[in-house]
Amino acid sequence: MKKILIYICCLLFLIGAVTATTFTRTVPSQVNPGSSFSVTYNTNNAGGNWGVLIEDDVSGGCTPAERNFGIMTDEPSYSETKTFTAPSSGSCTFHGNYLYTGSTGTQDEIDFPDATITIGSAPCTPNWDCVDWSTCSSSCTQTRVCTDTNSCGTTSGKPTTSQDCSGGSCSVPCVPSCSGKECGTDGCTSTCGTCPTGETCSAGSCVESGEKTCEEIKGCEVYQQCNEEGDECEMAGWVWLIGGFFGFMMLMSVMK
């Protein structure tokens, strides 16, 4: 019985460890003199309604010299980004803590690890971090946000943030085409016009009933017919049938 209780306690401890609420602060390692840079505060695995009070002091000339703000939400994961400005030289050190209040009212105060940013004239190398592409929009494009975690203040090497796509709610509009036509389909869902009584539409033109067919007007060969739009000749259906028949007969003779 004692072994079972020990096992249950260990299991509960592991579950609690896996689902423990975590707080992190992401600070770039190097930024350009006088540039603006971002610091991100992340919360993960929070449960129920929770809140956190963050106090961050910054030494070394970065402004503002402190950030004090609170978050109250019921989202299990949450990110908050704050902007700072670097001095002309030297370095800045972030030293702060957070006070977490859980859904049960319990509170924990934990220090963030100190983080130092180098302010120098050395070239800053962008480190682009992109989120997933958005769903395909009705205009058949999708976008994403790419952030330079080193805050170099340049777009050098930045991945593309917009691209064409298909699927989703994408709907490519049909463009009607009635050039040179007075009747017949416009290639979409409408027509280019209708013929008066006693005339029929042939190859996009109105002709008197009983006059030349579309094939005659277009000069189609004997083995051709007009396509559905009536604007060009294509292989007649009976030609395909005959070809298929002879192909089948040849196959049967080979198999004997």
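The values are calculated or read from the model by the stated rules, or taken from the named source; none is laboratory data. These figures come from a predicted structure and were not determined experimentally. Heads up, the Cβs are rebuilt from the backbone with ideal geometry, glycines too, and the neighbour counts pull from every protein chain shown.
Structure summary
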| quantity | calculated |
| --- | --- |
| Residue in the stretch 117-133 that is surrounded by the fewest Cβ atoms within 10 Å (Cβ to Cβ), counting only those that are at pLDDT below 90 and either among the hydrophobic types (A, V, I, L, M, F, W, C) or within 30 Å of residue 166 (Cβ to Cβ) (or both) | 122 |
| Selection from the stretch 99-116 of residues that are in contact with a Leu (Cβ under 7 Å, 6 or more places away or on another chain) and surrounded by 14 or more Cβ atoms within 10 Å (Cβ to Cβ) | 99 |
| Top-ranked residue in the stretch 65-78 [being part of a loop (DSSP other than H, G, I, E, B) and under 34 Å from the mean Cα position of the chain (by Cα); ranked as surrounded by the most Cβ atoms within 10 Å (Cβ to Cβ)] | 76 |
| Filtered residues of the stretch 160-201 (kept if closer than 30 Å to residue 133 by Cα and of a type in the set (Val, Ile, Thr)) | 160, 161, 172, 175 |
| Tally, over the stretch 38-55, of residues that are in a strand (DSSP E or B) and either among the aliphatic types (A, V, I, L, M) or in contact with a Phe, Trp or Tyr (Cβ under 6 Å, 6 or more places away or on another chain) (or both) | 5 |
| Candidate set: the stretch 79-98, residues that are under 34 Å from the mean Cα position of the chain (by Cα) and among the β-branched types (Val, Ile, Thr); chosen: the one surrounded by the most Cβ atoms within 10 Å (Cβ to Cβ) | 85 |
| Tally of residues being within 25 Å of residue 89 (Cα to Cα) and β-branched (Val, Ile, Thr) across the stretch 31-75 | 5 |
| Only listed residue being in contact (Cβ under 8 Å) with a residue 24 or more places away in the chain, more than 18 Å from residue 25 (Cα to Cα) and in the same structural domain as residue 164 (by TED's automatic domain parsing), chosen from 103, 88, 137 | 137 |
| Residue 86 modelled with pLDDT of 90 or more and in contact with a Pro (Cβ under 7 Å, 6 or more places away or on another chain) | yes |
| Sole exception among (1) on the phi > 0 side of the Ramachandran plot; (2) at pLDDT 90 or above for residue 105, by number | (2) |
| Where a residue in the stretch 60-78 is on the phi > 0 side of the Ramachandran plot and its partner, wherever it lies, is assigned to a loop (DSSP other than H, G, I, E, B) and surrounded by 13 or more Cβ atoms within 10 Å (Cβ to Cβ), with Cβ under 6 Å and at least six apart | 61/87 |
| Any hit, the stretch 220-230, residues being touching a helix residue (DSSP H, G or I) at 6+ places or on another chain (Cβ under 7 Å), part of a loop (DSSP other than H, G, I, E, B) and not assigned by TED's automatic domain parsing to the domain that holds residue 140 | yes |
